[in-house]
Every structure is written in structure tokens, then in C-alpha cells.
Amino acid sequence: MDEQVTLKKKVDVSTRTADPASAEMLQQCTSCGGEYETAWDRYQAQQPQCGFGIQGICCRVCIQGPCRIVPKRPGQDRGICGATEYTIVARNIARYVAGGSSSHSDHGRHVAMTLLHMAEGKAPDYKIEDPAKLHRVAKMVGIPTDGKSDNQLAKEVALAALQDYGRWEPEACTFLTNTITEGRKAKFKHCNVTPTAIDQTIAQDLAQTTMGMDADPVNIVFGAIKTSLADYTGMHIATDIHDILFGTPKPVISEANLGVIDPDYVNIATHGHNPTLSSIVVDAARELQGEAKAVGAKGVNVVGICCTGNELLMREGVYLATNTAGQELAIMTGALDAMIVDVQCIAPAVRTLSECFHTRLITTSEQAKIPGSHHFDFHSEGAMEKAKEMVRLAIAAYKHRDPSKVHVPNVRNKVVAGWSLEALLDVFSKVNPEKPIKVLTDAIESGEIKGVALFAGCNNMKQPQDTGHLSILKALAKNDVFVVATGCAAGAMAKAGLLTPAAVDAYAGEGLKKFLKRLEEAAKPKYGLPLAFHMGSCVDNTRASDLLMMMADEMGVDTPKVPFVATAPEAMHEKAVAIGTWAVAMGLPTHVGVMPHIEGSQLVYGVATQIAHDVYGGYFIFEPDHAKAAKALVDALEYRSWKLRVHRATAEKYGTPLAAGY
Ligand code: XCC
Ligand code: SF4
């Protein structure tokens, strides 16, 4: 114990986080005699991590294993079955993609079922919040809308979505093929990677990567790409149906970071991903303000963590408390009365830590239970009743709060969020009502801005929390890159006060500043325009993909020629691997700031970073150094603009069609 305490006291918290609120909590933690253990301590305790695992050359897909490969060492360069390092690395990556895809698409299925139940009258606590979006989605998937009631249409949209999960005919998933360019459609068909059904594709990927199946690394990678496109499909379904049920986000102003936890209130953190739970908790909390006052609090304060926090921030302006690395720190404020979780990214450690406080940990999904927590069997039927019970549990817990343990860092920053693609186009339309997207593509073609970058992904203990997101954002903004962000990347920026107009003045390069100011003058947006545009949760990366497709169509090219890049500076989850893989398939140079477990095979590494470009136009850039990563991303944008200019000039000079190559 003593050793442990000294160990913690020695820790320089700046090596653990770039977030001042997190740093303050960690400081607290190290000065309290090592009483609370966090992910950072456990990360340290895990060192050194297994070298075979890090390189992806540990195989556990059959129980003769684990087989660990030492490439080029005779006798040890193959597993017992003879699998080589390239087969094992490819299989392991493909299984990450399958895991991530199952996660996102399960979420999509859940909301599709909620929409269906709502339309059938079985989920009276939900309603169609955005009928216009319902009509747009119906048209997009090819459902005739004439003369149909909203409910009828909602049912048909839900069934169309569910068909994308379980179709057995050899037809492509509609939420994929109807949301991409003709060029991508043809490319996926040509490469035989178009999924026909999400569930089948994920199951097939698992089958393909079992013992004694596919040994061809390229074929395994193609299977993974197909699976990642199933991931995309499930994510698009999730985003579309969220908008239908909960409203398409519009610009909203709120605040972010741990300081939004207010000791005067009953504080409830919603954590996880699915707004079918968190949005009802917000409604329930509104109704029960009186009960909170009756126990001496000023009311109920719901705050968000991770992606469900992003969902609530985007639509309701609910405060965002922290992103994934900060989940334990929220409990450590001592002022959190309940944490209500649903699915994904919930560290089991929150339960252990909540024992040190009065915080009630409430689980709600039959797929995500944590021993020792309060479990509520939450379904779309009877949702409000259940949500009220949870809020009441938090109100009851408030009375057990120990004031001597309360420590809330005084850090909260303004955030302008709510940038669905619709909201962004609305701003552009004030400059060009006929072709809003042309405002963005013109600014790129004229060189005013260099292109678009999507920031996505998590926190990863292998890097100080948020440093990657923040430093790469600042570098790209200075280089006149238009930034959109989702997930815990957007959370990092929100907490740091970078999703504000003030940040534009502080960090944008001249071109980006001019572009944003011009938009601001024309559109007069209520809260101004931020340095980076918060597009929502991780499933909302499909909003950014929609933006990419629109830009490609407007520029008359396929996606690999569009100056558009993606970055996941702090990728952690299997879901991030799935997203990164489809981003590459969609034609994007895709930076990952934490080395995935791929270095054990030069062949697979080469496929991801080079061959992928030849086939799909997108490719991975693996680069943990932030300055180098930012430079690689800016270079990729400049290269695309330069090439497009050359191709355009050539086509003009010789009167030929624009070159399709990339
Ligand atoms: Fe999870 Fe979505 Fe990653 Fe954050 S960004 S750690 S996946 S919460 Ni999706
Ligand atoms: Fe070893 Fe082959 Fe089994 Fe993998 S599949 S654990 S390499 S025997």
C-alpha cells in the first residue's frame, strides 16, 4: 500500500491528461493517499503490455492456442495449425471490425425496433419528433410517401431498416447503397464487398476468421471491409432513426466539462450511447424537479458522458460532463447521485469506484450488466415509468451524499453544438440558396480553405487524455482546414472550449477565419460559428460521410478525389477500428494516432497503408506523433487539391472528361 501511495504521489498528471478538470481530479486522487484507483493507475499496472498482443501476432481463435508468432524464426514463425503472421494479424483485425460492427448495428437495430413499436402503438412514450426527416429517409430508401400517415411511414421505414439486418435475397443494404456516390457503389460491387444483410455479414466475417478457414490476408481484409460497410449501414440507420424520434439537431448552446456537475442539485449522469434511454431520463427528470426540491436540492441536473452525452447535447443542450477517460472522475466529484448507463464504453470500474461514494450505478441493458449495480430492465414499452424510478433512486441517494467528499473542479466551457448536416447546410444556404454545398466546395477549390477533416474516436490511456484531439485540431485549424467532429473527439474539444466562436479568433488560420466570418455575416447564426462543428455521437460519423458524398457529387468526382480526411487521434474501441476501416473504403486518408495491433505483419500493414489506396482511394496513416500526424493530414488535403487542379486543367486543355483516377 505504501509503495502504491508513493507511486501515485510521484505521478505528473500532465502526462495523464490535457484536461484541467481531469487533472484537478487526478491531483485530488493522488493526494488522498491512493484511495481511489483510476484507469490511469491500472494502465500503469499493466506495463509492460504483451509484445505479441501489441503486434497482433497472438492467435487465440482455437484452444490449441494461444499461438505466438516470432516472424522469421524457424519453427516459431507459424502457429500449431500453420497459420502465419499475416493470417493471424489479418484475422485479429477482422475480428475487431466484426466486434465494432456488431456494437453499432445492434444499437441501430434497437432504435429501429423502437420506431416499429412506436408506430404499432406499443411504445407510447416515444413519438415522431421530426416528420420531415421521416419523409426524407423514406424517400431515400425508396418508400413511396404519398397519402400515407406518419405512423404508417414510420412502420415502413423501420421495416426497411430491419430488412437491412436480415435480408436473405442477394440485394444490397439500402441504407448503404442509397447514401453513397455512384462511384463508391460501383467500386464496392466490383470488389464484392457490398453487404446484403448486416447480421449475415458480421457472422460470415467471424466464420471466415475461425480456425482452418481463410488464410489469405487480402481476402480476410476484404471480408473486414465488407463488414465495416455493414457497420456503416447500422450506423446510418441509427442516426436517421434518432433524428426521426428525437429530432434532427439544430445549433444549440450549452456547457461542457466536470464543472457542470452542480452540488446544489441532484446530479444524474447518463452514460453510454442510446438516446432511447437518456432522452426519456431527461424528460423524467424534468417532471420530477419538485421531488428533488422536496429533499432540499435545487432540482435535478442531468449531465452526459460519452456518446449518449453527445446525443443529449446535440438535441437538448444538456451539459456534457466528460468523455470516456473521465467517466470515473465524474463519480469522484462526490456530487454524482446516480450514473445511468446503457450500452458500450462503460468501464466496469465505475461500479467499484461508486462504492467509495453514495453514487448509485444503474444499468439498463440486458446485454450490459455490472455485478453489484442496480439493474432496471429497460424497454421501449413502459419507458417513462422505468425512467422515473431511476430518477427517484438518484433523488433518494442525494440524501446520502457526504459533503466532505464533494470536490467539483470549477471548469466548464461554452460549447456551440447541434451541427447535423441539415444544420450545416442551412448555414451554407444563406450564402447560396440553390446549391448550399457549393459554398464549401468553392472555398476549397479557390484555396480559401484546404479541405475538410473529420475528427472521431475515443480516449486511449496510451496517450494523455485529449492531447491528440486538441493539438491536431489546433494545427489543422491554423492550416485553414474545416473541421467536423464526433464522439469523444468532439467531447474533448467541447470541454476545452474549442467549439466556440471565440476559438475561431484564437486558432483559425486566415483563410478559415475569412470563410467562417463570411458565413456568419450571411447566416447570422444565433450562437455564432465554432472552430469545429460538433456533428454528434459516433454513429453520427455517417453525417460526415453524407457531407463527403455531397461534396463529391458537387465536384463531379468520386470520394477519393475530394480534399477530405479523417482522424482518430486517440482511437481505443473496436468500434473505432470498424469506423476507420469504412472511412478508408469510402476513400479517405484516415489517420489513427494509437498503433493498432497490426505491426506484426508487414504485409497487412502495407495493405492498410498502401494497397488500400490503390483499390479504394483511402488508406491508413498510423502516426502517434501529433505534429507529424497533422502535417500528414494537411499534406493529404493539399495533394488532393493539387491533383484535382491538374486533372481539371488537363481535361479543359484537351476537351476530355475529367480523369477518374486517384
Ligand atoms: Fe466510446 Fe462513443 Fe470511442 Fe467515446 S468515441 S470511447 S467508442 S464513447 Ni465513439
Ligand atoms: Fe494456433 Fe492455429 Fe489455433 Fe490460431 S488457429 S490458436 S494459430 S492452432
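In the stretch 344-355, the residues that are in contact (Cβ under 8 Å) with a residue 40 or more places away in the chain and under 12 Å from E37 (Cβ atoms) reach residues that are in a helix (DSSP H, G or I) and among the hydroxyl-bearing types (S, T, Y) with C-beta atoms within less than 9 angstrom, at least six apart or across chains, in these pairs: A347/T324.
For the stretch 517-526, the criterion of being surrounded by 24 or more Cβ atoms within 10 Å (Cβ to Cβ) and assigned by TED's automatic domain parsing to the domain that holds A636 is satisfied by no residue at all. Checked against (1) touching an Asp or Glu at 6+ places or on another chain (Cβ under 8 Å); (2) within 16 Å of ligand 2 (Cβ to nearest atom), H597 meets all criteria but (1).
Among all residue pairs at least 6 apart or on different chains, which show Cβ distances below 9 Å where the first residue, located in the stretch 439-459, is under 20 Å from L519 (Cα atoms) and free of Cβ contacts under 8 Å to residues at least 24 places away in the same chain and the second is more than 16 Å from ligand 1 (Cβ to nearest atom) and assigned to a loop (DSSP other than H, G, I, E, B)? Close Cβ pairs satisfying both conditions: D442/N432; D442/E448. Listed by first and then second residue, the pairs with beta-carbon distance under 9 Å, at least 6 apart or on different chains, first residue in the stretch 403-432 and farther than 30 Å from T179 by Cα and surrounded by fewer than 22 Cβ atoms within 10 Å (Cβ to Cβ), second among the polar types (S, T, N, Q) and modelled with pLDDT under 95, are H407/Q28; P409/Q28.
For T248, the conditions (1) within 22 Å of T324 (Cα to Cα); (2) outside any helix (DSSP H, G or I) are fulfilled apart from (1). Looking only at residues in the stretch 203-217 that are touching a residue at least 40 places away in the same chain (Cβ under 8 Å) and in a helix (DSSP H, G or I), the one that is surrounded by the most Cβ atoms within 10 Å (Cβ to Cβ) is D205. Scanning the stretch 401-455 for residues that are part of a loop (DSSP other than H, G, I, E, B) and more than 21 Å from the chain's Cα centre (by Cα) yields a count of 21. Scanning the stretch 45-81 for residues that are near ligand 2 (Cβ under 7 Å from one of its atoms), in a loop (DSSP other than H, G, I, E, B) and within 34 Å of the chain's Cα centre (by Cα) yields R60, V61, C62, G65, P66. Looking at S22, is it within 16 Å of ligand 1 (Cβ to nearest atom), in contact with a Phe, Trp or Tyr (Cβ under 9 Å, 6 or more places away or on another chain), in a helix (DSSP H, G or I) and not hydrophobic (A, V, I, L, M, F, W, C)? When the stated conditions are applied, S22 does not pass them. Could you say whether any residue in the stretch 330-349 is touching an Asp or Glu at 6+ places or on another chain (Cβ under 9 Å) and under 20 Å from G259 (Cβ atoms)? Yes, the stretch 330-349 contains a residue that is touching an Asp or Glu at 6+ places or on another chain (Cβ under 9 Å) and under 20 Å from G259 (Cβ atoms). Screening the candidates K561, K474, K450 for the property of being away from ligand 1 (no atom under 16 Å from the Cβ), within 30 Å of L329 (Cα to Cα) and in contact with a helix residue (DSSP H, G or I) (Cβ under 7 Å, 6 or more places away or on another chain) yields one hit, K474.
In the set (1) crowded, with 23+ Cβ neighbours inside 10 Å; (2) closer than 30 Å to G223 by Cβ, T38 fails one condition alone, (2). All of I280, I268, I305, I253 fail the test of being touching a Ser or Thr at 6+ places or on another chain (Cβ under 6 Å) and either within 14 Å of ligand 1 (Cβ to nearest atom) or aliphatic (A, V, I, L, M) (or both), apart from I305. Considering A583, A608, A576, A571, the condition of being part of a helix (DSSP H, G or I), of a type in the set (A, V, I, L, M) and within 19 Å of M461 (Cβ to Cβ) is satisfied by A576 alone. Applying the condition of being polar (S, T, N, Q) and over 12 Å from I237 (Cβ atoms) to the stretch 153-202 and asking which residue is surrounded by the most Cβ atoms within 10 Å (Cβ to Cβ) yields T201. Flag not set for T542, criterion: in contact with a helix residue (DSSP H, G or I) (Cβ under 9 Å, 6 or more places away or on another chain), closer than 21 Å to V594 by Cα and within 16 Å of ligand 1 (Cβ to nearest atom).
The values are calculated or read from the model by the stated rules, or taken from the named source; none is laboratory data. Predicted model only: the values in this text are computed from it and were never measured. Here the Cβ is made from the backbone with ideal geometry for all residues, glycine too, and neighbour counts use every protein chain on show.
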